[in-house]
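The values are calculated or read from the model by the stated rules, or taken from the named source; none is laboratory data. Because the structure is a prediction, the values reported are computed rather than measured. Please note: Cβ atoms are built from the backbone with ideal geometry, for glycine as well, and neighbour counts cover all protein chains shown. Side chains are part of the model used for accessible areas, which takes the heavy atoms of the whole protein and leaves out ligands, DNA and RNA. Shrake-Rupley method; radii C 1.70, N 1.55, O 1.52, S 1.80 Å.
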Amino acid sequence: MSRRPRPKIVTLTDAAATRVQEIIAKGDKPYLRVGVVNGGCAGMEYKLDYAEAPEQFDELVEDKGVRILVKADAVLFLLGSVIDYETTRLASKFVFRNPNQTDACGCGESVTIVPATEEA
């Protein structure tokens, strides 16, 4: 019996991949690290940081010519997510479309996320 292919933790839209490439090209650190932290009124917040190198247990995700790091403790919370980059009249920001997200606060800064299970 063969194992099913491992799903990508996250994928990027073309807009997000382009923006990550621009950020990395202008900065002095070669990676963007994605994670989640406890906080906000809904319980969790998405977090993006620059990184010099992968930390132990980071997952390296390659999509559309971009390499990003996913913090190990965020993998089950982000599994299956699509990261997009949107520009509106008031803001430019990364947006997460996360199938594990069950709720969000009114301002959109924090979310409720249920970890993915093996059945997912």
Given the criterion over 10 Å from the mean Cα position of the chain (by Cα) and assigned to a strand (DSSP E or B), identify the matching residue among Asp73, Asp49. Asp49
Show the residue pairs meeting these rules: Cβ distance below 7 Å; 6+ apart or different chains; first residue within the stretch 28-50 and of a type outside the set (A, V, I, L, M); second residue surrounded by fewer than 13 Cβ atoms within 10 Å (Cβ to Cβ) and assigned to a loop (DSSP other than H, G, I, E, B). Lys29/Glu52; Glu45/Gly39; Tyr50/Gly27
Determine which single condition Gly80 fails, assuming it passes every other condition in (1) open to solvent by less than 40 Å² (accessible area, probe 1.4 Å); (2) in contact (Cβ under 8 Å) with a residue 24 or more places away in the chain. (1)
Options Glu55, Glu86, Glu109; residue that is among the acidic types (Asp, Glu) and in a strand (DSSP E or B): Glu86
For the stretch 1-38, give me each residue that is part of a strand (DSSP E or B) and open to solvent by less than 90 Å² (accessible area, probe 1.4 Å). Val10, Thr11, Leu12, Tyr31, Leu32, Arg33, Val34, Gly35, Val36, Val37
Within the group Glu55, Glu59, Glu109, which residue is exposed (fewer than 13 other Cβ atoms within 10 Å of the Cβ) and either under 30 Å from Arg4 (Cβ atoms) or over 14 Å from the mean Cα position of the chain (by Cα) (or both)? Glu55
Which one is least open to solvent (accessible area, probe 1.4 Å), of the residues in the stretch 66-77 that are over 17 Å from Lys29 (Cα atoms) and not charged (D, E, K, R)? Ala74
